[in-house]
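The structure appears right after this line, and notes come after that.
The values are calculated or read from the model by the stated rules, or taken from the named source; none is laboratory data. Since the model is a prediction, treat every value here as computed from it, not as a measurement. Using ideal geometry, Cβ is built from the backbone for each residue, glycine included, and neighbour counts are taken over all protein chains shown. These accessible areas exclude ligands, DNA and RNA; they are computed on the full protein's heavy atoms, side chains included. Shrake-Rupley method; radii C 1.70, N 1.55, O 1.52, S 1.80 Å.
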Amino acid sequence: QLQASGGGLVQAGGSLRLSCAASGRIITRNVMGWYRQAPGEQRELVATITSGGTTRYADSVEDRFTISRDNRRNTVYLQMESLKPEDTAVYYCRAYLPGDTYNYWGQGTLVTVSS
């Protein structure tokens, strides 16, 4: 299971930190990531991080968001800075192994950025 938290309402230019804790069946060499889905839009990748710390970001959040993970706590974080109204979405965390059936999603946490 993945439990996400940290969403909320923030003004443009503000910051938020999302957290996602994994429990149950955990494969420590997994990839963990954050995705988001805005109203009327498809879910899109925000950022991912491997167990070794290799990161990948969507162009729209590069230089504003930072993904990190604590392997001892099986937790992934997303530090979001300089938030924009277009960042408003439900943010989902994910833990998966590429090419494997191991693929879990969290329940989503809503981030609303007001202008």
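Points worth noting:
- Here the extension length gained between THR50 and LYS84 equals 9.6 nm, from 0.36 nm per residue of separation less the Cα-Cα distance.
- Overall dimensions of the chain, expressed as equivalent-ellipsoid semi-axes from the Cα gyration tensor (√(5λ), whole Å, largest first), are 23, 14, 13.
- Cα centroid of region 1-48 to Cα centroid of region 93-112, whole Å: 8
- For region 40-115, the solvent-accessible area with a 1.4 angstrom probe is 55 square angstrom per residue.
- Net +/- balance of residues flanking MET32 in space, Cβ distance below 12 Å, scoring K and R +1, D and E -1: +4
- Neighbour net charge for GLY52 - beta-carbon separation under 12 angstrom, K R +1, D E -1: +2
- Environment charge of LEU78, counting only residues whose C-beta is closer than 12 Å and scoring Lys/Arg +1, Asp/Glu -1: +3
- Carbon/sulfur fraction of accessible area - region 1-64, other protein chains in place, 1.4 Å, %: 43
- Computed from the C-beta positions of GLN11 and LEU97, the FRET efficiency with R₀ = 35 Å rounds to 0.35.
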